[in-house]
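Every number in this text was worked out from the coordinates using simple rules, so none of it is lab data. As the structure is a prediction and not an experimental result, all values here were calculated from the model. Cβ placement follows ideal geometry from the backbone for every residue including glycine, while neighbour counts extend to all protein chains displayed.
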There are 2 protein chains.
Amino acid sequence: MLELTVDLGDRSYPIFIGSGTLSDAAKLTPYVRAKQVAIVTNETVAPLYLDKLKALLNDFDVIDVVLPDGEAFKNLQTLEAVFDGLLQARHNRATTLIALGGGVVGDMTGFAAACYQRGVEFIQIPTTVLSQVDSSVGGKTGVNHPLGKNMIGAFHQPNAVIIDTDLLATLPDRELSAGIAEIIKYGLICDSEFFTWLQANIAKLMARDTDALVYAIHRSCADKANVVAEDEKESGIRAILNLGHTFGHAIETHLGYGEWLHGEAVAAGMVMAARLSCRLGDISREQVEQIKALLQQANLPVLPPEGMTPDDFLSIMAVDKKVLDSRLRLVLLEQVGKAVVTSEFDRSKLDEVLAEMCVC
Amino acid sequence: MLELTVDLGDRSYPIFIGSGTLSDAAKLTPYVRAKQVAIVTNETVAPLYLDKLKALLNDFDVIDVVLPDGEAFKNLQTLEAVFDGLLQARHNRATTLIALGGGVVGDMTGFAAACYQRGVEFIQIPTTVLSQVDSSVGGKTGVNHPLGKNMIGAFHQPNAVIIDTDLLATLPDRELSAGIAEIIKYGLICDSEFFTWLQANIAKLMARDTDALVYAIHRSCADKANVVAEDEKESGIRAILNLGHTFGHAIETHLGYGEWLHGEAVAAGMVMAARLSCRLGDISREQVEQIKALLQQANLPVLPPEGMTPDDFLSIMAVDKKVLDSRLRLVLLEQVGKAVVTSEFDRSKLDEVLAEMCVC
């Protein structure tokens with residue numbers, strides 16, 4: 001089993017990564033604050049892993065809240081179910097929430113923990129590749145609004161992140177691919193050596209080879225932990241983690257949440273960012289093709305959805321969280337392995353890329 | 001005009017207190033971060049003061065969100081209206097929210113600011129005595145849940161608090177009284193000299209004498225600022241600010257939000273806490289009578305609502321935010337001018353006080 005620390009002073013916390021991590025109560029219970037525990041999960045994950053988790057918590061007063069599955073339910077209305085469960089069971093400020101699920105469950109549980117009685121502790125047990133390499137680490141929590149993704153939320157760090165790669169055995173292929181999109185992202189934004197490793201090992205990842213998964217997840221978490229430690233609340237460098245996300249969020253908002261998986265939208269968005277970076281003279285056409293090829297080997301989309309127009313992108317991107325005083329900021333690639341956040345780019349090049357890639 | 005500072009390191013902020021403060025743009029605009037401003041108010045306050053406030057903000061892009069009036073609307077559903085307004089107007093992370101209203105508007109606006117895009121800045125312009133002396137200062141924000149008051153929220157400090165006592169001219173008498181309950185609270189918990197001043201000057205306050213109001217509001221804010229500076233997130237001493245609130249919240253929850261005003265419920269709750277303190281041997285019967293007399297001169301209730309039983313109190317108080325590992329903690333008076341938070345009290349005395357005061 002591997003271990004990492006997210007270094008945030010008195011809010012530092014460990015990430016445990018390995019095969020079978022969730023069979024070890026010693027990795028979990030030291031991070032539970034008091035007697036009361038509330039497991040938040042969804043109707044897909046609950047039948048698979050809820051009993052396994054509860055078996056580690058025999059000495060605690062445990063309740064569970066089972067949410068409907070999917071990004072379409074990542075909203076304030078569904079969040080109320082968590083508060084209902086906590087209050088009906090009279091959970092107090094010393095309760096510990098545990099997120100057992102993918103990115104949606106993790107983001108919602110973290111936000112519920114941030115808000116319940118003005119803040120309680122929580123633990124992340126991510127069950128998808130995407131949440132294991134990205135959303136469970138770093139303390140971004142929140143829900144969507146019909147007009148924008150993750151528009152309502154908080155920064156709230158977990159007490160610990162417990163990643164068991166065995167849980168990926170039940171993950172649908174499409175979700176595996178979506179998670180690999182975020183893994184590829186780390187190679188692109190800050191780790192060219194990892195990008196090269198991914199080009200050589202993508203087939204192993206797609207075949208769910210345990211060693212390859214543990215390696216890729218550990219390396220992704222390490223890359224993310226470094227960025228988060230440097231800039232917890234995204235006043236600067238942390239925004240590079242959003243490579244492809246501004247385009248991707250526009251896709252998700254346009255289609256309605258849940259049509260495309262988050263990682264699929266990010267994949268297409270990363271190709272759009274790469275092509276814009278190329279057009280601005282930063283990376284080569286050949287590199288764009290390498291990025292596309294790697295994403296395609298992971299069965300990911302490399303074009304926006306059919307029928308989505310440049311205007312659809314621009315109007316949704318105008319409310320992106322990275323917009324400041326009306327200037328659109330984007331994450332672009334200076335090279336493979338080095339991303340920058342900038343509003344200093346030729347807007348006409350963005351229009352050209354949108355026109356070229358939106359196949360109506 | 002008087003000025004105070006709430007001393008919280010890099011989150012310190014000023015409180016301006018006086019007659020006519022809201023006619024001075026120089027007190028407001030330095031605390032607005034960028035071009036975008038969203039004023040959140042309610043349908044009672046908007047016709048009275050919204051235009052006056054907007055006149056100070058000619059150089060900004062201003063939107064307003066007008067909420068329905070009352071504690072009954074302090075919930076997540078109503079909060080959505082604020083997010084709708086912000087997103088429809090494409091407000092970004094540099095937006096500044098301004099709360100123009102009483103405690104409900106202030107708590108909801110502050111919570112919206114805490115959550116919008118994971119946190120934006122906000123300014124408090126409280127328009128009731130209660131919000132001027134209490135809820136606008138200290139960064140507690142949130143909404144109610146059907147099973148408990150302020151159960152969903154965040155600590156989020158404003159950039160500034162602007163208190164104009166002229167705005168109190170339009171305040172209904174009942175709201176004036178409710179605010180005075182919180183003023184009396186400061187005398188009881190930490191400022192016996194102020195309690196004596198209040199005994200001498202309660203008639204002036206009830207007659208809305210400007211000098212008396214400015215004095216009492218300033219002194220209350222100073223007392224609160226001291227407590228908050230010592231313990232921002234209520235890990236200890238800050239809980240004394242909740243004198244009467246555990247009983248009071250139970251009354252509000254039992255009756256349904258909005259039946260009794262918050263200050264009215266706190267007034268009855270403070271008498272309950274005082275009687276329990278007396279029964280535990282800390283304050284005298286005469287002092288309890290002095291407290292009751294002062295509250296009665298402010299036209300405030302000194303008994304729980306008719307028909308509310310000891311069991312009603314105990315079952316609601318069991319989910320109070322101050323409960324830790326099943327032990328009920330209460331704010332009690334060691335003397336007039338000194339409160340303590342404790343779970344070390346004889347539970348049978350609480351039962352006796354409840355039995356004695358609940359007139360069924």
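Couple of notes before you dig in:
- Net +/- balance of residues flanking A:R279 in space, Cβ distance below 10 Å, scoring K and R +1, D and E -1: -1
- Choice from A:S343, A:S177, A:S135 showing the highest fluctuation, given a GNM over chain A with Cα pairs closer than 10 Å: A:S343
- Contact order, relative form, for region B:2-170: 26 percent (alpha carbon pairs under 8 Å, 6 or more residues apart, mean separation divided by residue count).
- Taken as Cα centroids, region B:236-287 and region B:17-82 sit 31 Å apart, rounded to the nearest whole angstrom.
- With a cut-off of 15 Å between beta carbons, the residues surrounding A:A26 carry a summed charge of -3, where Lys and Arg count +1 and Asp and Glu -1.
- Note on A:146-156: average number of Cβ atoms from other chains within 10 Å of each residue's Cβ is 5.
- Each helix, a run of at least 4 DSSP H residues, gives -39500 (n - 2.57); summed and divided by the residues of chain A, these come to -13000 deg cm²/dmol at 222 nm.
- Partner lysines for B:K224 [C-alpha distance under 28 Å; skip if fewer than 8 residues away on the same chain]: B:K27, B:K74, B:K140, B:K149, B:K185, B:K204, B:K233, B:K292, B:K321, B:K322, B:K338
- Pairwise centroid distance, computed over Cα atoms, of region A:146-177 with region A:84-136, Å: 11 Å
- Counting DSSP beta bridges with both ends in the protein assembly as shown, the antiparallel % (nearest 5): 45 percent
- Backbone amide hydrogens, once placed in the peptide plane, bring B:A94 within less than 5 Å of A:D325, excluding anything fewer than 5 places away on its chain.
- For A:L76, the shell of other residues with beta-carbons less than 12 Å away shows a net charge of -2, using +1 for Lys and Arg and -1 for Asp and Glu.
- Value of relative contact order over chain B, rounded to a whole percent, pairs C-alpha under 8 Å and six or more apart: 16 percent
- For the residues of A:113-121, the average number of beta carbons from a partner chain within 10 Å of their own beta carbon is 6.
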